Amino acid sequence: MSAAPARTVRTRRTRRTVVAATALVAALAVAVTPAVAATATAAPTAARPHAATQQALDAAVAAGVPGAVAQARDGKRSWTGTAGERGGQDRFRVGSITKTFTATVLLQLQAEGRIDLDDPVEKYLPGVVRGHGHDGRAITVRQLLNHTSGIYSYTSDPSFQERVFGPGFLQHRYDTWTSRDLVAVAMAHEPDFAPGTSWNYSNTNFVLAGMVIEKVTGRPYAKAVENRILKPLGLRATSVPGTRPTMPRPHSPAYSKLSRETTDGPSYDVTELNPSIAGAAGEMISDANDLQTFYRALLKGRLLPAEEMREMTDTVAVTPELGYGLGLMRQKLSCGKEVWGHGGGIHGSNSEAQATRDGAHTFAANVNADWTGGTQSLIEAEFCGTAPKAAAKSAPGGAARLAAR
């Protein structure tokens with residue numbers, strides 16, 4: 001875990017200095033060894049603006065990913081690329097991209113005067129954030145959304161990792177976890193830091209955010225996401241599955257090594273799982289087209305008033321190139337361009353959804369493995385035209401990482 005220079009965080013009531021840190025990520029998983037193949041593509045040219053992105057997809061498959069898909073829109077032009085066993089209309093688990101949906105609902109509720117993000121978590125969830133130094137009276141809802149709460153991430157708990165991300169997954173893949181169950185795992189540990197004094201990615205933050213939505217609306221957070229975002233935008237390929245373990249069609253399998261230590265060994269089909277392990281922090285399912293529609297609408301101001309959009313895009317420094325707002329990330333690419341969005345990982349699925357700040361150029365991608373084939377090269381290829389130099393396997397740790405970028 002690395003640290004980045006401190007930055008002053010602006011909120012409605014306070015200015016707090018935070019120190020950046022990198023984040024743990026999570027991914028989850030019947031033994032199958034998928035066959036893979038790569039195809040060669042020409043170097044990118046002005047006449048073929050997505051050639052580099054296709055090369056990056058092919059390189060991911062050459063590095064061991066069974067399948068990859070990417071889609072881009074630039075103005076009125078749309079492009080879809082695939083490699084291996086992914087289809088252009090495949091649906092996939094989007095992991096932590098769920099966080100942007102959750103944060104958007106809370107910002108909508110604030111715009112309606114039903115909540116203030118600077119209220120303490122205790123106001124909405126009395127007694128829930130308590131234990132081993134955690135105190136919901138000292139943590140604001142805003143600090144949940146920008147990961148400055150200091151709350152321990154339940155996905156970092158060793159026992160949880162063994163049961164959910166490791167070999168124990170095969171026995172426990174259909175187990176149901178309530179939001180309170182997940183929070184209780186976190187409360188058994190000490191906080192990472194005092195609220196507002198640093199930054200660390202915690203999946204517990206967004207499980208709690210979903211609980212706040214339920215308290216304020218009186219209905220499951222999934223209903224708020226569906227009624228406020230999915231239905232108005234016509235996102236028919238996007239769903240909040242709750243405890244449903246199966247995937248809607250079309251889809252292709254998701255694979256994991258179920259190991260923190262190696263990228264070798266058997267691959268397991270982890271397509272079916274009970275997504276309650278992630279809840280409002282990472283349970284959603286979508287496709288590349290719907291993800292682009294969502295981020296385009298968000299960044300163009302169709303989902304939030306201007307004031308709430310300003311708050312969402314007020315970022316905490318994570319690294320010199322990366323800032324985290326309220327469920328939304330900003331990153332500066334190697335070519336100097338800035339993109340906004342979120343990454344997401346869950347068992348056998350690694351996703352990206354990124355866009356320029358004006359929403360004019362959008363991009364979404366997914367690879368169906370969690371031990372290799374990182375997605376950053378796809379982002380660089382699409383927005384900077386940078387073709388990958390060579391196919392290379394990622395470092396071990398896929399089944400111990402749940403996407404938190």
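Below is a table of values for the structure above.
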quantity: Whichever residue in the range 247-261 is open to solvent by 50 Å² or more (accessible area, probe 1.4 Å) and over 20 Å from the mean Cα position of the chain (by Cα) and, among such residues, is farthest from residue 100 (Cα to Cα); calculated: 261
quantity: Residue in the range 292-299 that is surrounded by fewer than 24 Cβ atoms within 10 Å (Cβ to Cβ), in contact with a Gly (Cβ under 6 Å, 6 or more places away or on another chain) and of a type in the set (A, V, I, L, M, F, W, C) present; calculated: yes
quantity: Residue match in the range 246-258 (condition: under 21 Å from residue 106 (Cα atoms) and in a loop (DSSP other than H, G, I, E, B)); calculated: no
quantity: Some residue of the range 173-186 being within 19 Å of residue 276 (Cβ to Cβ), basic (Lys, Arg) and surrounded by 15 or more Cβ atoms within 10 Å (Cβ to Cβ); calculated: yes
quantity: Conditions (1) open to solvent by less than 30 Å² (accessible area, probe 1.4 Å); (2) within 29 Å of residue 237 (Cα to Cα); (3) in contact with a helix residue (DSSP H, G or I) (Cβ under 6 Å, 6 or more places away or on another chain); number of the one not met by residue 93; calculated: (3)
quantity: Residue list for the range 285-312, filter: in a helix (DSSP H, G or I) and among the aliphatic types (A, V, I, L, M); calculated: 288, 291, 297, 298, 299, 306, 309, 312
quantity: Residues of the range 259-284 satisfying the condition of being β-branched (Val, Ile, Thr), part of a loop (DSSP other than H, G, I, E, B) and under 15 Å from residue 349 (Cβ atoms); calculated: 270, 271
quantity: Qualifying positions in the range 351-405 - acidic (Asp, Glu) and modelled with pLDDT of 95 or more; calculated: 352, 358, 380, 382
quantity: Number of the exception - residue 70 against (1) under 18 Å from the mean Cα position of the chain (by Cα); (2) among the aliphatic types (A, V, I, L, M); (3) farther than 21 Å from residue 239 by Cα; calculated: (3)
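The values are calculated or read from the model by the stated rules, or taken from the named source; none is laboratory data. Predicted model, so just to flag it, every value in this text is computed and none were measured. Heads up, the Cβs are rebuilt from the backbone with ideal geometry, glycines too, and the neighbour counts pull from every protein chain shown. Side chains are part of the model used for accessible areas, which takes the heavy atoms of the whole protein and leaves out ligands, DNA and RNA. Shrake-Rupley method; radii C 1.70, N 1.55, O 1.52, S 1.80 Å.
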